[in-house]
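Each value in this text was obtained by applying a stated rule to the coordinates, not by laboratory testing. Being a predicted model, the structure only gives us computed values, none of them experimental. Don't worry about glycine lacking a Cβ; one is built from the backbone with ideal geometry, like all the others, and counts go over all protein chains shown.
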Amino acid sequence: MQSNQGMIGLVNYAPEPHSVELREVPLPEIGEEDVLVSVSAAGVCGSDLHQYHGKQSWPVNHPVVLGHEFAGVIAKAGSRVRGFKEGDRITSETAAVLPHDSALIRRGLYNLDPARLGFGYGVDGAMAPYVKVPARCLHHVPACLAMERAALTEPCCVAYNAVCVNSRVRLGDSVAVIGPGPIGLLCTKLAKLAGAGHLIVIGTVADRRRLEVAIQLGADTALGAKGEDAAQWVREFGDGYGVDLVIDAAGVSASLKLALEMVRPAGQITKVGWGPQPLGFSLDPLVQKAVTLQGSFSHNWPVWEQVLALLASGKLDLAPILNTVAPLHDWKRVFDAMHSGQIVKGVLKP
Ligand SMILES: [Zn+2]
């Protein structure tokens, strides 16, 4: 799907809902410090779905090619690129544009720089045959790791940063994950690998299928498919004081309220899910229980290297989560199946 002038990419062309279609776009031109990546696989993220439904809470530079979770092969490397060459199998971080220099970049926290722009909303992403990537974003994909799985390094890094960097999981800690979407399920898997004791995943009636996946991933208890009261369940669990760590991977206000009810005194809540609505309830339990509330966003270089090693070793097994690999022209079917919860995660091949 490529001519001399252009290629066919999946473009989000306007802010109105459903403004996404396959369109001819120009082949990217690279600079001295960029590579041109021939995309092998691109994961569909909840944020791609939000942009499709026009419900995103971040600014989008329309028109833009969607897709920020991807792996591919270097087709061309700029003259000043070192350490990567044509033919290398790579995956890429998401901070496509960064300021020239900032205090956060110097601290290795470039993922938190407010001026950063990412693939798929700020600059053209990877749901197309080719994408331009600055070499500083690249990581080598280990030879044993299939490209469809390498394409999901990014969401795994979001979960790793939330569970293994921004939370403190001691061996045997009880952990509750609210929201069994792809990030919540990956948090479940990483909490299991990190030594969680009793692991609880909480969803709604609509999450029945995903809650089954949570059990496959090692959760001990899945709540919500039959309308169970999770707060009541936790009050009757163990010594009755609550769980050590709650991961909020849902983002709606109600999930933080539930997290505050379920967390034990001196426990921790890590919030990785977003939602633009105001809270509408009191934060007094946060004070009274002396709870640590921690935000977690994105990921940086050391997280990527750890996750790639976990994926290559097979310890971080994506089989229960990666349900569908489809050609790019089938994008709508995959977007709809993810949106309805029929599948957890889809990957598109341009
Ligand atoms: Zn994503």
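Points to keep in mind about this one:
- Anisotropy class of segment 110-209 from Cα gyration tensor, a/c 1.5 cut: prolate
- Among 189-201, 156-168, the peptide with the highest mean count of other Cβ atoms within 10 Å heads the list, and the full ranking is 156-168, 189-201.
- Cα centroid of segment 266-327 to Cα centroid of segment 217-236, whole Å: 19
- Furthest towards positive pole of dipole, 291, 260, 279, structure part segment 223-302, Cβ charges: 279
- Our helix-only sum for the chain, with -39,500 (n - 2.57) per DSSP H run of n ≥ 4 divided by its residues, gives a mean residue ellipticity at 222 nm of -6500 deg cm²/dmol.
- Dipole moment magnitude, nearest 20 debye, the chain about Cα centre, only Lys, Arg, Asp, Glu C-beta charged: 360
- 16 Å cut-off, amide nitrogen to a point 7 angstrom out along residue 170 Cα→Cβ, residues in segment 228-243: 239, 241-243
- The HN-Hα couplings worked out from phi for segment 66-82 by the Karplus form 6.51 cos²θ - 1.76 cosθ + 1.60 (θ = phi - 60°) are 6, x, 10, 10, 7, 9, x, 10, 5, 8, 7, 10, x, 5, 9, 7, 10 Hz, whole numbers, x standing for Gly and Pro.
- With the charge dipole of segment 105-221 set up from +1 on Lys and Arg Cβ and -1 on Asp and Glu Cβ about the Cα centre, the Cα lying farthest toward the positive end among the listed residues 137, 218, 150 is that of 137.
- When you work out D = kT/(6 pi eta Rh) for the chain at 20 °C and 1.002 mPa s, using the Kirkwood radius from C-alpha pairs as Rh and the Stokes-Einstein form, the result is 103 µm²/s.
- Neighbour-count ranking [beta-carbon atoms within 10 angstrom, fewest first] of 21, 69: 21, 69
- Scalar couplings 3J(HN,Hα) for segment 18-28, obtained by applying the Karplus form with A = 6.51, B = -1.76, C = 1.60 to θ = phi - 60°, are 6, 8, 10, 7, 6, 9, 7, 10, x, 5, x Hz; x denotes Gly and Pro.
- Of all lysines in the structure, those lying under 16 Å Cα to Cα from residue 315, and not within fewer than 8 positions of it along the same chain, are 189, 192.
- Evaluated on segment 275-350, the Kirkwood hydrodynamic radius is 16.5 Å, with distances taken between all distinct Cα atoms.
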